[in-house]
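Q: Let me begin by handing over the structure; questions about it come next.
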Amino acid sequence: MGITDGSVSPVFPTVRAVLALDPVRHGAPRLVAGDAGLDRPVRWVHVAEVPDIATLLGGGELVLTTGIGLPADDAGLRAFVGDLADVGVSGLVVELGRRYVSGVPRVMAAVAERRGLPLVELRRATPFVRITEAVHALIVDAQLTELRATEEIHQRFTELSVEGAGPGEVVRQAAELSGCPVVLENLSRQVLAYDPAGESAELLLDGWEQHSRRIRPAGRTAYDADSGWLVTTVGARGHDWGRLLLRWPGGGDLAAGRRVLYPAAEGGVGVEGAPPAGPPTRLTILVERAASTLALGRLIRRDAEGLERQIHRTLLTALLDHSRPVDEVALRARALGVVLERRHLVGVVVRHRADDPAGEGGPAGEAGHPGDPGTGDPESGPARLRDLAEAVGQALREAKLTGLTSAVDDHAVGVLLALPDPAVEERALAAFAAALRRGRPDTAAPTDRVGVAASGRLGGPPRDVPGNGAVRPPSGGAVLIAAGSGVGSLREARRSLIEARQVADAARRDRRDLPIFRLPHVGLAGLLHLLRDEPRVQTFVERELGALLTYDAQHPREHLLGTLRAYLEQGRNKSAAAAAAHLSRPAFYERLARIGRVLDVDLDSVEACLSLHVALLALDAIRTP
């Protein structure tokens, strides 16, 4: 049952409603003048028999009199009625019989008509006390009804706020409570949600944008009488994002030509007129509470999303560093809707190949690949990580996968997939990779494969593929996916996550275009990455490359380590290495000779070059964070 059931009048009854009361009808009322003022609210009823009563009134009163104390001359009667109109009384009711027998003086009727003040004759003797009791009871009852309706509004919308109801449900409840059509639109006048309240939705929304732009109320919450819509702005924290509109059937086009008839008592005359000009206060309260619920819901959903991400990160971090018991992690994850018990768990890491946002990737101390773009924006690192985290979350939803996901460091986003069965692992990973590619076109591989591992670029086109079929080293904007081995319990999840992170770090220099990197794919580089903290590996690197690193520190412009890397990565093809290093052949040959002297090795020796190449891979693993 809507809050408008019974009557849509405001808290105070109108003159029209008072004339329909039984004690008044008993007096055979007849409207003499002032038809235009029948919808004035009656705040109180006052009995007066003196001519200067206007000074004691505050406006909104319905004045009852027998006329015995009124002036006898026309000028005095004009002043009496004029003073009542000036003070804002709702109407004047004169009982015939004591002063006026056949009717009120014409001069009173003329002034009342001119001022729009309802003037009513009671042609039968009526105890005024019964009228005052009935009207005051009506006022108190209307106020109580309004109070109850307001209480129901606040209770209903408080429940909706607590339950986190969506816009559609809030609009539906507003329509149900009011019995009126309700529309929620954005600032572009596009309908976000609506409820026709039993009317035709097609008619309600037909040409909505044009219709809505003609609805221009004066104020944040106001009634547009021309259109019949009660409108309030929706927004919070100084940011408005929409409008909530309620069509009140008592105004606008719907009310055009609509008349309400209150029949008279025996021998009386019916009182007829247009419906009230504005919606009741309770509807204003309703739309404002509904708008507040919508604004709060939007803020809560936004904040909840941020809070959910924080909890995901807390739980993933707890698994990686053992800061919380596994059972607690499982319990909190279940509360988020992510069930980790009795699931096949797979750690996944998605990361950019270069750590620095400017694209000057590569191990510390080395220049980036030629042609890599650099943004120079210190905020681009956190911003691109946030973008990547959002893309990963969206890919999980699109692939219909569940799991914990958040940034695990400054460069990578981790995911702990919770799968129902080990048999679906490969299919789930492939679906995730495909969804991530669709959500981020910049991660598409040059061969248009499902993978996002080798040559997608953030903010630029795919890298060219040289004619010999080898893929160039990816840029600092490229993204790759790495997955650890699947495990059968949450206690083993840490191993899968760490393995995925190690594989992702080791794969950063891998030129292959793979959908997902796994441990077997990273080969020697992966092994060296796993052993990067081993002192014997670090000693090997210093023994093989220490002299060259020292030389480069003393002569930074020559950068012999980069020359050696180009030589070894090109399979000791000096011409190709010179081109890759952007050096002339004589300059490149001279640098190679200098490297041989500094390291005291023969660079034509396959065994010596193999040892140096392994040392370079180990150096990369050590320098990779």
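Q: Please report, as a whole percent, how much of the solvent-accessible surface of the stretch 518-585 comes from carbon and sulfur atoms (probe radius 1.4 Å).
A: Heavy-atom surface of the stretch 518-585 belonging to carbon and sulfur, 1.4 Å probe: 53 percent.
Q: Something else now. For the stretch 511-565, what is the accessible area per residue in Å², given a 1.4 Å probe and the full set of protein chains?
A: Solvent-accessible surface per residue comes out at 55 Å².
Q: State, to one decimal in nm, how far the label point of VAL129 lies from the label point of ASP327, with both points 7 Å from Cα in the Cβ direction.
A: 7.8 nm
Q: Let me ask you something else. How much length is gained if the chain between LEU56 and ASP602 is pulled fully straight, taking 0.36 nm per residue apart and subtracting their Cα-Cα distance, in nm to one decimal?
A: 184.9 nm
Q: Evaluate the distance, in nm, between pseudo-label points positioned 7 Å from the Cα of ALA236 and of ILE68 along their respective Cα→Cβ axes.
A: The modelled label-to-label distance comes out at 6.4 nm.
Q: Could I ask something else about it? Once you order the gyration tensor axes a ≥ b ≥ c over the Cα atoms, which shape class does the stretch 83-126 get: rounded for a/c under 1.5, otherwise prolate or oblate by comparing a/b with b/c?
A: prolate
Q: Follow-up. Roughly how many percent of the accessible protein surface of the stretch 1-118 is carbon and sulfur, given a 1.4 Å probe and a whole-percent answer?
A: Solvent-exposed carbon and sulfur of the stretch 1-118 make up 53 percent of the total.
Q: How big is the accessible area of ARG501 in square angstrom, nearest 10, if you roll a 1.4 angstrom probe over the protein chains?
A: 70 Å²
Q: Rounded to the nearest 0.05, what FRET efficiency do LEU610 and GLU492 have when you use their Cβ-Cβ distance and R0 = 41 Å?
A: 0.65
Q: If I take R0 = 60 Å and measure r between the Cβ atoms of THR539 and ILE300 in this structure, what FRET efficiency does the formula 1/(1 + (r/R0)^6) give, to the nearest 0.05?
A: Step by step, r from the Cβ atoms, then E = 0.60.
Q: Using label points projected 7 Å from each Cα along Cα→Cβ, tell me how many nm separate ASP421 and ARG342, to one decimal.
A: Simple spin-label model gives 1.5 nm for this pair.
Q: Ok, one more. Mind ranking 344-352, 559-567 by how tightly packed they are, going by the mean number of other C-beta atoms within 10 angstrom, highest first?
A: For the peptides 344-352, 559-567, the packing ranking is 344-352, 559-567.
Q: What number comes out for accessible area per residue over the stretch 1-126 if the probe is 1.4 Å? Units Å², please.
A: Per-residue accessible area for the stretch 1-126 comes out at 42 Å².
The values are calculated or read from the model by the stated rules, or taken from the named source; none is laboratory data. For clarity, every value in this text was computed on a predicted model and none was experimentally measured. Heads up, the Cβs are rebuilt from the backbone with ideal geometry, glycines too, and the neighbour counts pull from every protein chain shown. These accessible areas exclude ligands, DNA and RNA; they are computed on the full protein's heavy atoms, side chains included. Shrake-Rupley method; radii C 1.70, N 1.55, O 1.52, S 1.80 Å.
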